[in-house]
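Structure first, commentary second.
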Amino acid sequence: MQVNVCGCEMQLVLGDITQQTVDAIVNAANSDLAGGGGVDGAIHSAGGPAIMEETREKFPDGCATGSAVVTQAGLLSAKWVIHAVGPVWKGGQLEEPLQLMSAYRRCMQLATELECESVALPAISTGAYGYPIDLAANVALKTCIDYQKWHKAPQQIRFVLFSEGDYGAFARSLEQQVEI
Ligand code: ADP
């Protein structure tokens, strides 16, 4: 599924984020930047050890929840990996939506600074961190669509969903937000 947002593209695909040919791939990292399962494990195993070496050297204190940092992308076909830290879901009353919005916004800002035309993102926080997919889809898409509207960048944003159910949740949310 693809929609036009003020001349930019917002895409949804079902697939593996490590296989995407884009300028930047976003990782759903933890605040220690220590690696883990899910997207994080897939990115480090496909990208090789250089990503973790650079992460340890440049960001020994990790990354705050709601923020993101950049490394090169090792063996991946992307130029950059943006390591974003989303919130752990604790019921939704503890600023999780604001933290998730902040993580996506920081990804967009970094992608713009790096002059990325295309960025692939996963559904941050919806795996091990337990954020309900429908709610996460609304926050993810609204934040990135608003950014594209205001900044006319990145030219192409691609959400890469890992299951049919996750894809469906993002597709419903996107349909509502752009009224197609
Ligand atoms: P978090 O700790 O932020 O919840 P996870 O990596 O556990 O991060 O999960 C985030 C989302 O990424 C989940 O919806 C999960 O199904 C999905 N996911 C896992 N592996 C991949 C992959 N290789 N490509 C794209 N999405 C993935």
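The values are calculated or read from the model by the stated rules, or taken from the named source; none is laboratory data. Predicted, not measured: the structure shown is a model, and the values here were computed from it. Please note: Cβ atoms are built from the backbone with ideal geometry, for glycine as well, and neighbour counts cover all protein chains shown. These area figures cover heavy atoms from the full protein model, side chains too; ligands, DNA and RNA do not enter into them. Shrake-Rupley method; radii C 1.70, N 1.55, O 1.52, S 1.80 Å.
Of note:
- The chain: relative contact order in percent, alpha carbon pairs under 8 Å with at least 6 residues between: 30
- Volume of the Cα convex hull of the chain, divided per residue and given in Å³: 99
- Applying 1/(1 + (r/R0)^6) with R0 = 25 Å to the Cβ-Cβ distance of residue 98 and residue 176 gives a FRET efficiency near 0.75.
- Within the full protein context, the accessible area of residue 95 is estimated at about 110 Å² for a probe radius of 1.4 Å.
- Three-way shape label, segment 66-143, alpha-carbon gyration tensor, a/c 1.5: prolate
- For segment 83-118, applying the loop criterion from DSSP together with a ceiling of 16 other beta carbons within 10 Å to the trypsin sites (Lys or Arg not before Pro) yields 90.
- Using a probe of 1.4 angstrom and keeping all protein chains present, the accessible surface of the chain works out to 47 square angstrom per residue.
- Table column - 3J(HN,Hα) (Hz), segment 154-169, Karplus curve with 6.51, -1.76, 1.60, x for Gly and Pro: x, 4, 9, 10, 10, 7, 10, 9, 9, 9, 4, x, 5, 4, x, 5
- Exposure check, 1.4 Å probe, all protein chains in place: residue 17 carries approximately 10 Å² of accessible surface.
- Carbon and sulfur %, accessible surface of segment 78-163 computed with the full protein complex present, 1.4 Å: 55
- All aspartates and glutamates inside 15 Å of residue 152 as judged from Cα atoms, apart from same-chain residues fewer than 8 positions distant: 9, 113, 115, 117
- Of the GluC sites (Glu not before Pro) in segment 125-180, the ones in a loop by DSSP (not H, G, I, E or B) with at most 16 other beta carbons within 10 Å are 179.
- In sequence order, calculated HN-Hα J values of segment 137-148 (Karplus, 6.51, -1.76, 1.60; Hz; x Gly/Pro): 4, 4, 5, 4, 6, 4, 4, 6, 5, 4, 5, 4
- Accessible surface ranking for 162, 59, 1.4 angstrom probe, highest first: 162, 59.
- For segment 6-23, backbone phi angles converted through the Karplus equation (6.51, -1.76, 1.60; θ = phi - 60°) give residue-by-residue couplings of 6, x, 9, 9, 10, 10, 10, 9, 9, x, 9, 5, 5, 9, 7, 9, 8, 6 Hz, Gly and Pro being listed as x.
- Extension gain, residue 58 to residue 88, is 8.4 nm, computed as 0.36 nm per intervening residue step minus the present C-alpha separation.
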